[in-house]
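In what follows, a structure is listed as structure tokens, so that the remarks can point back to it.
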Amino acid sequence: MSRLEGKVAVVTGGARGIGRAICMAYAAEGAKVAVADRLIEDAQETAALLGEAGMAVQMDVTEPAAIAAGIASIEENWGGIDILVNNAGIFNMASIEEVTVDDYRRQYDVNVGGTIFAIQAVVPGMRKRGGGVIINFSSQAGRRGEPNITIYCSTKAAVISITQSLALELAKDKIRVNAIAPGVIDTPMWTHVDALFAKYEKKPVGQKKREVGEAVPLGYMGAPEDVAKPAVFLASEDARYITAQTLNVDGGNWMS
Ligand SMILES: NC(=O)c1ccc[n+]([C@@H]2O[C@H](COP(=O)([O-])OP(=O)(O)OC[C@H]3O[C@@H](n4cnc5c(N)ncnc54)[C@H](O)[C@@H]3O)[C@@H](O)[C@H]2O)c1
């Protein structure tokens, strides 16, 4: 298995959850992987699992200057970047009365700004290299709205739109831009999501997580590896004719 042999990948939010599973899957396919995260100790731990193929980079994707510095250090170390995975994301809930400017800005800065400015940072190098692959992270929450999740859902809908515009803009440079829209995946994020649903839907802690898993047509909550495998496919030559798409990886929750 070496579908990514010789490639250099950067995974934002790579320290844990889905990002970490993608880092492991890419390294297993022969890529060198920069684990870029704002949590440097967790990023170092994940990078250590990859041995020679791993490198930890401290990067807060809300700061375009930090993104640019991180990308420059990876390019300097490994000679360029072939694959960018914009996986870093945050979730919050609030009713319309409770929405605050700070929370609105924070979720947009990470989920939307982080995606846009990481792409801006890698494109010049990918052009020099003659092409590249970008994979953004949307969500089933980007396919339809949900009560009390106005901000998060709208950031994930924006990611679908950004993917389409930039796929068209960068097609001439042989840079493919796609997105993945996961359904419900068992990661550290879900502890936080479940606690918020417990508050908003007045449920005991743990109940929402169980319910959403049982409601998936395939019958269970996904594991991070269930998302990492399609992320390998989209990054590989097997997907060379696929761009501008958002792939649902959700056990059948959404159809489009
Ligand atoms: N878990 C799910 O059910 C699910 C469903 C749909 C979409 N998603 C999306 O998938 C992606 C990964 O989700 P996850 O469940 O693995 O989340 P997670 O919270 O378990 O992990 C997210 C990672 O992103 C990092 N991160 C957060 N803010 C950052 C910032 N400003 N700069 C750099 N790194 C930052 C965190 O430190 C963490 O390592 C997110 O974009 C999320 O919105 C997840």
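Here, each number is a calculation from the coordinates, and none is a lab measurement. Predicted model, so just to flag it, every value in this text is computed and none were measured. Neighbour counts are summed over all protein chains in view; Cβ atoms, including those assigned to glycine, are modelled from backbone coordinates with ideal geometry.
Quick look at the numbers
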| item | result |
| --- | --- |
| Coarse-grained scattering of the range 36-128 at q = 0.10, 0.12, 0.15, 0.23 Å⁻¹, given as base-10 log I(q)/I(0) from a Debye sum over alpha-carbon atoms | -0.31, -0.43, -0.64, -1.19 |
| 3J(HN,Hα) from dihedral phi, the range 192-207, Karplus parametrisation 6.51/-1.76/1.60, rounded to Hz, x for glycine, proline | 5, 4, 4, 5, 5, 5, 4, 6, 6, 10, 6, 10, x, 4, x, 5 |
| Karplus (6.51, -1.76, 1.60) ³J(HN,Hα), θ = phi - 60°, over the range 22-37, in Hz, Gly and Pro reported as x | 5, 4, 5, 5, 5, 5, 5, 9, x, 8, 8, 10, 8, 8, 9, 8 |
| Cα pair distances exceeding 21 angstrom across the range 62-210, given as percent | 49 percent |
| Relative contact order of the chain, pairs being alpha-carbon contacts under 8 Å that are 6 or more residues apart, as % | 19 percent |
| From phi via Karplus (6.51, -1.76, 1.60), per-residue ³J(HN,Hα) for the range 40-50 in Hz, x at Gly/Pro | 5, 5, 5, 5, 5, 4, 5, 4, 4, 5, 8 |
| Length-normalised contact order for the range 89-220 - Cα pairs under 8 Å, 6+ apart - percent | 25 percent |
| Amide H within-cut-off set for Arg38, under 5 Å, with H built and near neighbours excluded | Gly13, Met59 |
| Reference-scaled alpha-carbon Rg (2.2 N^0.38 Å with N residues) for the range 152-223 | 1.48 |
| Proxy reagent accessibility, fewest Cβ within 10 Å first, across Cys153, Cys23 | Cys153, Cys23 |
| Using a Förster distance of 30 Å, the FRET efficiency for Ile242-Val216 (Cβ separation, nearest 0.05) | 0.75 |
| Candidates Thr150, Thr243, Thr163: whichever shows maximal mean-square fluctuation once the chain is modelled as a Gaussian network with Cα springs under 10 Å | Thr150 |
| Debye log10 I(q)/I(0) for the chain, one point scatterer per Cα, at q = 0.09, 0.12 Å⁻¹ | -0.36, -0.66 |
